[in-house]
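Bear in mind that the values in this text are calculations on the coordinates, not laboratory data. From a predicted model like this one, the values you see are computed outputs, not experimental measurements. Heads up, the Cβs are rebuilt from the backbone with ideal geometry, glycines too, and the neighbour counts pull from every protein chain shown.
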Ligand SMILES: [Zn+2]
């Protein structure tokens, strides 16, 4: 609804006013909800990064927290050329800007669009399509696609560490309705692994056979695991290795849901969140898109307590190599 209004009013004009107008600022703030406990809400974003100058200063501090250094010779004897937003190295006379050699430089997009896009992608719990982003930022679809691709990659870049401590494993089935009464529904298997008080993994599995589950467990549970809780399904005794079998506790769901500390309630609550997401926002998830959806859901879940997600993403963006713009945009041209 709000996006629709934004679209009708002319996004550029509205955003320009947003960056200045207090009333709209507050409206947007209220609309967006002060629900997240984040370091950054949209209101703060607008106040702190509402101009190219402010964005540039922020990037400069992220890039050189101990003061500007010459990317060519490493010297910290630098003169500012304020009018051109550049630095001049006193040692080697190299001239550079805060965004030189970074992803922000070559796209020629205003920095505030990068900042706003990053913020929107970090905050939107349901994800945001390139189409939606292109309408909000008034960029071409191609640019919005590139932005979301690049920002999402920066958000996801870290290699997930293996889970340990007390972990719960469970399997669930999503999607697929039988077309005829005797058809078997094309349900997809999702294996959930959740470390208590820790991270969640949701993995789309080919099937729920022990051999498949064994590989998933091997890839996701580390040797620092202390207890493994599952239900009494016959999959798990075969899927666990010798060391893991000694740590295995089961809960009989036909009798009770928890036996002291032995329960799979935390992974099950993640499943119910997943199913609500699929019913409520995705309506129908194809098998093809399921892994991406699962990744995104885990990412949001595992970052639920990271108040610095925006800053962390910005930091990765400014330190990542800017190699991919032409490659990426060539790829979408092929795909279009
Ligand atoms: Zn230098």
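What FRET efficiency comes out for residue 246 versus residue 44 if R0 is 45 angstrom and r is the Cβ-Cβ distance? Round to the nearest 0.05.
Between residue 246 and residue 44 the formula returns 0.35.
Let's test the formula: R0 of 35 Å, r as the Cβ-Cβ distance of residue 206 and residue 141. What FRET efficiency results, to the nearest 0.05?
0.55
What percentage of all Cα-Cα pairs in segment 40-107 are separated by more than 19 Å?
36 percent
Between residue 76 and residue 315, what is the FRET efficiency for a Förster distance of 25 Å, r being their Cβ-Cβ separation, to the nearest 0.05?
E(calc), rounded to 0.05, equals 0.80.
For residue 62 and residue 234 in the same chain, what is the full-extension length gain: residue separation times 0.36 nm, less their Cα-Cα distance, in nm?
56.8 nm
Sort the following peptides by mean Cβ neighbour count (other Cβ atoms within 10 Å, averaged over residues), highest first: 237-250, 190-203.
The densest-packed peptide leads the list: 190-203, 237-250.
For segment 203-263, treating each Cα as an identical point scatterer without solvent, what Debye log10 I(q)/I(0) comes out at q = 0.17, 0.18 1/Å?
Values, matching the q order: -0.60, -0.67.
In nm, to one decimal, how far is the residue 91 label point from the residue 287 one, both placed 7 Å along Cα→Cβ?
So the two model labels end up 5.9 nm from each other.
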